[in-house]
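Here's the structure, in C-alpha cells; my notes come after.
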Amino acid sequence: MSFVTHEQQSLVWLASPLLGGVRHGFSTRRGGVSPAPWDTLNLGPGRGDAPENVEENYRRFFAALDMDSAYPVLSRQVHRDDVRLCTAADAGKGLIRDRDYDADALITAEKGLPLVVFSADCGILLLHDPDAGCVGAVHAGWRGCAAGIVEKTVREMVRLLGARPERILAAVGPCIGKCCFETDGDVPEAMRASALGPEAGPYLERRGPKYHVDLAGLNRQWLLHAGVAPEHIDICGLCTACRPDLFWSHRKMGEARGAQVAVICL
C-alpha cells in the first residue's frame, strides 16, 4: 500500500490506507499560523514559537482528523526505548499541561486519547491492533532504533493491552532517507550490535569512508523481528531532508525549525 496525501484548504497531511480503520495522520509543515523559521504548521512546543501559535496549529490539524486538540498526549523524546502506557489521566500533557514522564513511545486502549510523536528526520511509526482495540505511536531515531524501541513497543502492546503481533497494522512515516542519512561507523556498529545483528546489514551501505543508512528499512525490520506480518506494514518512503517544501529536517535546518508529528487515536 502507499500513503495518501490529504489537503484541506492550506492544510496538508499524509495517511496510510492500511490504518484506515482508525483516526491518524502524519503532519507536514503546511497549513498553520506560525511565522518563519517555524512556518507554518509547527506542532513542536518549546521550540521558540509562540504557544498560542502551536495550540492553533494543533486545533487546525486535529479538526481535520476529527480529534479533540484538548486531549493529546505528547511524547517527551530522549532517544531511548521507554514505552508509556497512557490513560485518560495523561490527556493534554505536553501541550496544555506539563509532562511528568520521558517516553519515546506511547500506547493506549483509551478511546478519544490522541498519541503524538515528533520528527524532524527521525523515524515515526503508528501501530494499531483492531481486534484488541489498542494503538501505539513510536519515535525511532537511530539511537532508539538500535535500542529496539519498535520491538519493545509491540511487546508492550501484547503484554499490557492484549495485542497480537500478527494482527498489528503498522505505518512507517516520513523520515530521513538513505539518500541523505550519511554517517560515520558508529551508527552501523550500533545497529549490528543490536538484536537485529546481521539482519541490519542490507540497510547499511558503505560509500567510501561513510555509510548511508536506511532508517525506515531498519524500523521495518524491527517490526518483522517482532512478529508483524510484512503485508501489515506500510512505508511512506518520503525523505524529510529531500522535501523542505513538506517537512522540517534537523540535518538540513538545525535547531531553527518546527517539528512535524504522527498522531493516532481510537
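The values are calculated or read from the model by the stated rules, or taken from the named source; none is laboratory data. Keep in mind that what you see is a predicted model, and the values were worked out from it rather than measured. When we count neighbours, we look across all protein chains shown, and the Cβ atoms used for this are built from the backbone with ideal geometry, even at glycine.
Here are the numbers for this structure:
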{"quantity": "Tally, over region 155-181, of residues that are surrounded by 16 or more Cβ atoms within 10 Å (Cβ to Cβ) and under 30 Å from R206 (Cβ atoms)", "calculated": "11"}
{"quantity": "Sole exception among (1) among the small types (G, A, S); (2) in contact with a Leu (Cβ under 8 Å, 6 or more places away or on another chain); (3) assigned to a loop (DSSP other than H, G, I, E, B) for G25, by number", "calculated": "(3)"}
{"quantity": "Qualifying positions in region 1-22 - among the hydroxyl-bearing types (S, T, Y) and assigned to a loop (DSSP other than H, G, I, E, B)", "calculated": "S2, S10, S16"}
{"quantity": "Filtered residue count, region 239-266, keeping only those that are under 30 Å from A109 (Cα atoms), more than 13 Å from the chain's Cα centre (by Cα) and outside any loop (DSSP other than H, G, I, E, B)", "calculated": "1"}
{"quantity": "Test: G148 is at pLDDT 95 or above and either surrounded by fewer than 24 Cβ atoms within 10 Å (Cβ to Cβ) or under 10 Å from the mean Cα position of the chain (by Cα) (or both)", "calculated": "yes"}
{"quantity": "R99 out of contact with any strand residue (DSSP E or B) (no Cβ under 7 Å at 6 or more places or on another chain) and either surrounded by fewer than 18 Cβ atoms within 10 Å (Cβ to Cβ) or part of a loop (DSSP other than H, G, I, E, B) (or both)", "calculated": "no"}
{"quantity": "Lone qualifier among E156, E189, E199 - being within 18 Å of I124 (Cα to Cα), of a type in the set (D, E) and out of contact with any Asp or Glu (no Cβ under 9 Å at 6 or more places or on another chain)", "calculated": "E156"}
{"quantity": "So R84, is it outside any loop (DSSP other than H, G, I, E, B) and without any contact (Cβ under 8 Å) to a residue 12 or more places away in the chain", "calculated": "no"}
{"quantity": "Residue within region 206-218 that is without any contact (Cβ under 8 Å) to a residue 40 or more places away in the chain and within 19 Å of the chain's Cα centre (by Cα) present", "calculated": "yes"}
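Here's the yes/no breakdown for (1) in contact with a Lys or Arg (Cβ under 8 Å, 6 or more places away or on another chain); (2) free of Cβ contacts under 8 Å to residues at least 12 places away in the same chain; (3) within 30 Å of L43 (Cβ to Cβ):
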site: R155; (1), (2), (3): no, no, yes
site: E166; (1), (2), (3): no, no, no
site: A171; (1), (2), (3): no, no, yes
site: C179; (1), (2), (3): no, no, yes
site: M191; (1), (2), (3): no, no, yes
site: P202; (1), (2), (3): no, no, no
site: A229; (1), (2), (3): no, no, no
site: I235; (1), (2), (3): yes, no, yes
site: I264; (1), (2), (3): yes, no, yes
